[in-house]
Amino acid sequence: MAWANTEIARQLEEIAELLRLAGEDAFRVRAYERAAAAAGAAEVDLGELDEAELTEVKGIGASTAAKIVEFRATGEIGLLSELREQVPPGVVELTRVPGLGPKTARRLHAELGIGGLDDLAAALEDGRVAALDGLGERSAARIAGGLERIGAKDTDRTPVADVVDLAVELCRRLEALDAVERAAPAGSLRRMRETVGDLDVLVATSSPAEVAETVRGDTDLVAEVLADGDTKLSVRTRGPGVQLDVRLVEPEAWGAALVYFTGSKAHNVRLRERAVRDGLTVNEYAVADRETGQRRAGVTEEEVYAALGLAWVPPPMREDTGEIEAAAEGSLPQVVTEEAVVGDLHGHSDVSGDGRASLEAMVAAAAERGLAWWAVTDHAEDLTMNGASRADLLARREALPALAERYGLALLDGLELNIDGEGGVDYDAEFLATFDWCVASIHTMLERDGAAQTGRLCTAMANPHVHAIGHPSGRLLGQRPGYDLDWERVIATAVETGTALEVNGALRRLDMPAEVVRRAVQAGATLSLASDAHTTGGLANLTWAVRTAQRGWAPASAVLNTRGLEELRAFVAAKRERAR
Ligand code: DGT
Ligand code: CA
Ligand code: CA
Ligand code: ZN
């Protein structure tokens, strides 16, 4: 796509956004949104067309054509400059608060002089917001709740995305040492919490002093040594600057130590209760008989759980939310595993603008990973995503059979559709019906309130050509909270319409969140696991999707990715059938 088109699209999109914030009528806003989308998706270089030719482009009317000509001639659009003056950045910022619409944002600015989030917090605190005509305590409380949600940046916790590479690389290096038998992440990282307080790495070695010395001496890794003992070394790392606890244990205590340091604390407490009841002790060294001290278990996790009368519990489930009882009764769900996952349902190639690898490279990487099928879901024509045109997609379709043949896996001709403000998606039904698999996601108007976002998702799910909702909550860990969705309604609509809900394994997303996955599973929803890979390496995100699904107690049977191609096609067909 031509550079000029992208730039024009961005200007038109900002006009649409500011018109909306300025309270302009929805029709005019929509016209600019549509024009922005058309500019972004145009196959011709808009920089080359004259005004009359511009109006021939679908989605661009006379008034936007004039704006484009003006932009090319002067480098700016007068209307946009005016709007920027009329709608100060502070007001734009206020509308990021869930539950605070443009109208209220304008009033807060005009009547109380509130120019940003700090001002807003102060005005909520001293009651000025509640005192505003027509607002009142209830509205103020809702706004305060919204502000808390976006301000609730848990400062002492680090998104798991920032530490995973460090932990994996450290364990790889440690395992390469002769003195080390095994090394593995433990703690909240192994349980796949989305943020970590600190990093825990467990090392099995008979020479702890030597290993500790090696870690301490690694000046690329260690910024500062915090504590240094016989069995534990605590350091502050360079790079992400987190605390790293390295625990050094005897190889025969590996299983007991792994259980202990994986936690969670609440899970461990429950294990100890059971041990006491059975006349046993459990600690980081072993399970043993309380009276005689005789050792019962400790080398593997499985034998530790077995000695306590429990089935082995997958680490992401160890939060004391019912897993101990289930493991005792033998009713622990058989959660989805990486081995059971045979396909990926969301990934990109450079056919759309933000994919970084060619289609062939992505297919090769999917085959390398051992997948039986892979869905390529390039972004549809919408502008903000640098989407693929119809022609691009038809050309891609032509290329798929030969690639499938060459690399020995099935390829699904897919799309990631953009959900617009009203819940509609790109293209027309007839064109959509020619695809194997369509994910639909929200990528724009992220600041709308929970009711609006819930409505957009539910409308999209009613579309017979939408097979899954991509990254449903819209959160970006460490950057923005998800929408304030009515999850009950979203989940119920997914079940009703036969639409899958995605578990996106991109580490900044982990979306749906595990606790929502659990609710969805309970309600009978079907899940689609997704790497959302934009690079060949990104396919590894499937691992995090699986662990998030495990954290949500998702059985393999609820996960589309465990099914064969025929069953997957049947799921798609069933939705289209239902809509008839
Ligand atoms: P975090 O670091 O806040 O993300 O969470 P964790 O779970 O990694 O907690 P952390 O690093 O304090 O400790 C790692 C594991 O060690 C924890 O999950 C369970 C175990 N552990 C630590 N302290 C205690 C304790 O006082 N009692 C018991 N039962 N287990 C503990
Ligand atoms: Ca930890
Ligand atoms: Ca720790
Ligand atoms: Zn995507």
Among the residues of region 182-240, how many are within 28 Å of Asp511 (Cα to Cα) and more than 16 Å from ligand 2 (Cβ to nearest atom)? 1
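Conditions (1) free of Cβ contacts under 8 Å to residues at least 24 places away in the same chain; (2) in contact with a Ser or Thr (Cβ under 6 Å, 6 or more places away or on another chain), marked per residue:
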site	(1), (2)
Tyr260	no, no
Glu273	yes, no
Arg290	yes, yes
Glu301	no, no
Val304	no, no
Ala311	yes, no
Residues being touching a His at 6+ places or on another chain (Cβ under 8 Å) and among the polar types (S, T, N, Q) - total across region 513-547: 2
Over region 558-575, the set of residues in contact (Cβ under 8 Å) with a residue 12 or more places away in the chain and open to solvent by 60 Å² or more (accessible area, probe 1.4 Å) is Arg569
Residue hits (region 531-557; of a type outside the set (Ser, Thr, Tyr), under 20 Å from Leu411 (Cβ atoms) and surrounded by fewer than 24 Cβ atoms within 10 Å (Cβ to Cβ)) are His534, Gly537, Gly538, Leu539, Ala540
Would you pick out the residues in region 64-112 that are assigned to a loop (DSSP other than H, G, I, E, B) and at pLDDT below 90? Gly75, Glu76, Val87, Pro88, Thr95, Arg96, Val97, Pro98, Gly99, Leu100, Gly101
Restricting attention to region 473-496, report how many residues are out of contact with any Asp or Glu (no Cβ under 8 Å at 6 or more places or on another chain) and surrounded by fewer than 19 Cβ atoms within 10 Å (Cβ to Cβ). 10
Is it true that some residue in region 455-464 is without any contact (Cβ under 8 Å) to a residue 40 or more places away in the chain, within 25 Å of Arg10 (Cα to Cα), crowded, with 20+ Cβ neighbours inside 10 Å and not acidic (Asp, Glu)? yes
Go through (1) within 27 Å of Gly255 (Cβ to Cβ); (2) under 27 Å from the mean Cα position of the chain (by Cα); (3) away from ligand 1 (no atom under 16 Å from the Cβ); (4) of a type outside the set (A, V, I, L, M, F, W, C) one by one and return the number of the condition Gly197 breaks. (3)
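Just need a number here: residues in region 339-354 that are of a type in the set (Gly, Ala, Ser) and either surrounded by 21 or more Cβ atoms within 10 Å (Cβ to Cβ) or within 16 Å of ligand 1 (Cβ to nearest atom) (or both).
First, pick out the residues of region 339-354 that are of a type in the set (Gly, Ala, Ser): 340, 343, 347, 349, 352-353.
Within this subset, residues satisfying the condition of being either surrounded by 21 or more Cβ atoms within 10 Å (Cβ to Cβ) or within 16 Å of ligand 1 (Cβ to nearest atom) (or both) are 343, 347, 349, 352.
Adding up the residues that qualify gives 4.
The values are calculated or read from the model by the stated rules, or taken from the named source; none is laboratory data. Note that the structure is a prediction, hence the values are computed from the model and not measured. Don't worry about glycine lacking a Cβ; one is built from the backbone with ideal geometry, like all the others, and counts go over all protein chains shown. The area values use the complete protein model at the heavy-atom level, side chains included, leaving out ligands, DNA and RNA. Shrake-Rupley method; radii C 1.70, N 1.55, O 1.52, S 1.80 Å.
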